[in-house]
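The values are calculated or read from the model by the stated rules, or taken from the named source; none is laboratory data. This one's a predicted model, so the numbers in the text were calculated from it and none came from an experiment. In this analysis, Cβ positions are derived from the backbone assuming ideal geometry, glycine residues included, and neighbour counts consider all displayed protein chains. To get the accessible areas, we keep the full protein, side chains included, count just its heavy atoms, and leave off ligands, DNA and RNA. Shrake-Rupley method; radii C 1.70, N 1.55, O 1.52, S 1.80 Å.
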Amino acid sequence: MFQIDRRKLVASLALSGASTLAGRAEAQQSGASAPQPQAAPNGASGFGYESVLRRAREIASVPLTPPPALPEPLAKLDADVWRDIRFRPERALLSNNNSQFRLQTYHLGAHFRRPVTVNMIRDGIATPIPYTANLFDYGAAKFEKPLPVNLGFAGFRLQFPLNDPRGFDEVISFLGASAFRFLGRGQRYGVSSRGLVVNGGAALEETPFFREFWIETPESGADRITIYALLDGEAATGAYRFDLFPGAETALEVNLTLFPRKAGVKLGLAPLASMFFMGETDRGARADHRPEVHDSDGLLIHTGAGEWLWRPLRNPGAPEVSAFLDKNVRGFGLIQRDRTFEHYQDLDLAYELRPNCWIEPIGAWGEGHVELLESPAADETGENIGAFWVPREAPEPGKPFTLGYRMRSTLEMARLSPAGRAIGAYQTEVKASSPKEQAPPNARRFLIDFAGGDLPFFLTDPSAVAATVTATNGRILRSSLTPNPHTKGLRASFDLQLEPGQSTDLRVFLRNGSRAITETWTTPFKAE
């Protein structure tokens, strides 16, 4: 799941193009049977979420069917040639009725081999968008014979006047299995999302996929749009409703109902995926002019008890899994906290503009845990980070499972962890304080910079603040707090003594009396 080639994906998300239903006439002239409109089932007044629910329930009762084979020319299509197939902007759907949205589709081929049906809903009637050759500029791709009209698409994207009221910018894209990404104003693609993760991080991980979409035609001038999706896979089927609200901070409200097919599987809900290659503390000997390379630098969790947890991301030597037990979690997300260009020095990829993606549950999610997956990354082309919610009680076959949450794509951090934040973490060897002393054996010094919140208030009297430092294993030998005028905050330092080969989990937060005035910085550590 998390080793997708991001260069290929990001390039595909930069394609242009879409279609109009006028292409149906061309399909009929070619002699092929065009897709037919879908009436509302069981006499319902119009096609909507209930219609998708019925379909999900129906297909959950039968075995999963393999996808149809792609025509040979598409199956053998080179990835670079596929990226050269671009949708023609003048064919974009939703271009009439003073709509602020434009819809474009992606062509099948190369890595994207599973056909997806994309429908438009108007006046309660769902009509499939037919594939026709005049929708695309094929560039270097050449086909000896016409491709079938019922070919389908690899996915689609929506555009909106996100950054300029005179133009249309990509705001959301669905492409590849159950993957999707969305953006707010001034942002670059980074963290991505999934509809569902099954056995995430395990050898038996499965890949569910969206097999069909329905997009409601928005009213004239509307600044929101609704998308329905049908998910399928060996472990479960599902009906999804996405309500998109584009803007400076784009929001996406997700409501879903799953119909499990199998028992004994771990379902990862509201999943996110990202990339962390190197940061300020783990550059190693890499020959790279860039100090840091990552789409996200930490996992942030707002627990049900009200605590804010900050877990910096790492590029580990071997796959690692961390679980944060909670009840009725209030929110979690993968965050790009560092917004300083000089820390990245990448003019093309602009890592400082990668958005935070924040999940807020709708209703109480009960007991479970936020799971963090970190896999080794040899470069920056793969998504080696995953985060999702795992309920304590796995959904059972035959019992529908419903869930709702809001997603936000934002650069702004004021609402996320409003107290003081851990903005930097460093570690070094422990040295003796004088020639007459010896450094303690097997000790490591950690320094955590906290800033923001009420911390500037305490700079004149840092003695009013104390650091609470705990370790699940090993001994904390000493700890101290020092004002940091450069960050207008406080630097907490402590020495950890831990035997070689042993591991521990560290936690640090600052308090004024009994009141926590910062989030909790936490990380695992293994002594070498």
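Give the shape of region 137-266 as rounded, prolate or oblate, defined through the alpha-carbon gyration tensor: a ≥ b ≥ c are the square roots of its eigenvalues, a/c under 1.5 means rounded, and otherwise the shape is prolate if a/b is larger than b/c and oblate if not. Walk me through the intermediate numbers first.
Details: a/c = 1.81, a/b = 1.24, b/c = 1.46.
Since a/c reaches 1.5 but b/c is at least a/b, the shape of region 137-266 is classed as oblate.
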Report task. Starting at the first residue of region 102-112, write each ³J(HN,Hα) from the Karplus equation 6.51 cos²θ - 1.76 cosθ + 1.60 with θ = phi - 60°, in whole Hz, x for Gly and Pro. Result -> 10, 10, 10, 10, 9, 7, 6, x, 6, 7, 10
Query - Amide N proximity, region 335-374 versus Arg290 label position 7 Å along Cα-to-Cβ, cut-off under 16 Å - result: 336-355
Report summary line: The alpha-carbon center of region 184-211 and that of region 392-422 are separated, in whole Å, by 14 Å
Report summary line: A correct Karplus calculation of ³J(HN,Hα) over region 387-393, with 6.51 cos²θ - 1.76 cosθ + 1.60, θ = phi - 60°, whole Hz and x for Gly and Pro, returns 8, 6, 9, 10, x, 4, 9
Requested in this report: Provide the per residue accessible area, probe 1.4 Å, for the chain, rounded to a whole number of square angstrom.
Outcome: 44 Å²
Report task. State, to one decimal in nm, how far the label point of His111 lies from the label point of Asn96, with both points 7 Å from Cα in the Cβ direction. Result -> 3.7 nm
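Give, in nm to one decimal, the length gained when the segment between Glu280 and Ser480 is fully stretched (0.36 nm per residue of separation minus the Cα-Cα distance).
Details: separation 200, 0.36 × 200 = 72.00 nm, distance 2.24 nm.
So the extension gain works out to 69.8 nm.
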Query raised in the report: Any idea what the alpha-carbon Rg over 2.2 N^0.38 Å comes to for region 317-459?
Result: 1.40
Query - Under 9 Å, Cβ to Cβ, from Leu313 - net charge with Lys/Arg +1 and Asp/Glu -1 - result: 0
Query raised in the report: By average Cβ neighbour count within 10 Å, what is the ranking of 360-370, 145-155 from highest down?
Result: 145-155, 360-370
Report summary line: Where a ≥ b ≥ c are root eigenvalues of the Cα gyration tensor, a/c under 1.5 meaning rounded, otherwise prolate if a/b exceeds b/c and oblate otherwise, region 254-357 counts as prolate
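Counting Lys and Arg as +1 and Asp and Glu as -1, what is the net charge of the other residues whose Cβ lies under 10 Å from the Cβ of Ile172?
On the way: positive: Arg157, Arg181; negative: Glu170.
Local charge sum for Ile172: +1.
Using the structure shown, select from Lys76/Lys145; Lys262/Lys327; Lys76/Lys142; Lys266/Lys399 the pairs with a Cα to Cα distance greater than 18 angstrom. Write out the running numbers ahead of the final one.
Values: Lys76/Lys145 15 Å; Lys262/Lys327 25 Å; Lys76/Lys142 12 Å; Lys266/Lys399 16 Å.
Cα-Cα > 18 Å for Lys262/Lys327; rest within.
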Report summary line: Residues whose built amide H sits under 5 Å from the amide H of Thr520, excluding neighbours closer than 5 in sequence, are Trp308, Leu309, Trp310
Report task. Check cross-link reach from Lys431 to the lysines: straight Cα distance under 26 Å, and skip same-chain residues fewer than eight apart. Result -> Lys526
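Tell me, in nm to one decimal, what length is gained between Leu347 and Glu72 on full extension, where the rule is 0.36 nm per residue of separation less the Cα-Cα distance? Write out the running numbers ahead of the final one.
Numbers: separation 275, 0.36 × 275 = 99.00 nm, distance 3.95 nm.
That works out to 95.0 nm of additional length.
Provide the packing ranking of 210-220, 189-199, i.e. peptides ordered by the mean count of other C-beta atoms within 10 Å per residue, highest first. Mind showing how you got there, number by number?
Values: 210-220: 19.7, 189-199: 24.1.
Packing order, densest peptide first, comes out as 189-199, 210-220.
What is the calculated FRET efficiency for Ala364 to Tyr49, with r their C-beta to C-beta distance and R₀ = 25 Å, to the nearest 0.05?
Details: r = 22 Å, r/R0 = 0.87.
Approximately 0.70, to the nearest 0.05.
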Report summary line: So, relative contact order of the chain in percent, Cα under 8 Å, 6 or more apart, is 12 percent
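Taking R0 as 41 Å, what's the FRET efficiency between Asn473 and Asp80 from their Cβ-Cβ distance, rounded to 0.05?
Details: r = 50 Å, r/R0 = 1.22.
After rounding, the FRET efficiency stands at 0.25.
Given R₀ = 51 Å, what would the calculated FRET efficiency be for Leu447 paired with Glu234, taking r from the Cβ atoms and rounding to 0.05? List each step's numbers first, then the result.
Working: r = 47 Å, r/R0 = 0.93.
Efficiency, from the Cβ-Cβ distance: 0.60.
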Query raised in the report: Excluding Glu360 itself, what net charge comes from residues whose Cβ is under 9 Å from its Cβ, given Lys and Arg +1 and Asp and Glu -1?
Result: +3
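Listed highest first by mean packing, meaning other Cβ atoms within 10 Å per residue, what order do 349-359, 443-453 come in? Write down the numbers at each step before the final one.
Numbers: 349-359: 22.1, 443-453: 20.4.
Result, highest mean first: 349-359, 443-453.
Considering only protein heavy atoms and a 1.4 Å probe, what is the carbon-and-sulfur percentage of the accessible area of the chain? Before the final figure, lay out the partial values.
Values: 11520 of 22990 Å².
The nonpolar share, carbon plus sulfur, comes to 50 percent.
Quick check on region 183-254: take the gyration tensor over C-alpha atoms, sort the square-rooted eigenvalues as a ≥ b ≥ c, and tell me if it's rounded (a/c under 1.5), prolate or oblate.
Numbers: a/c = 3.75, a/b = 1.57, b/c = 2.39.
Here region 183-254 falls in the oblate category.
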Query raised in the report: Tell me, what is the percent relative contact order of region 314-446, built from C-alpha pairs under 8 Å that lie six or more residues apart?
Result: 25 percent
Report task. Over all directions, average the projected area of the Cα convex hull of the chain and note it in nm². Result -> 27.6 nm²
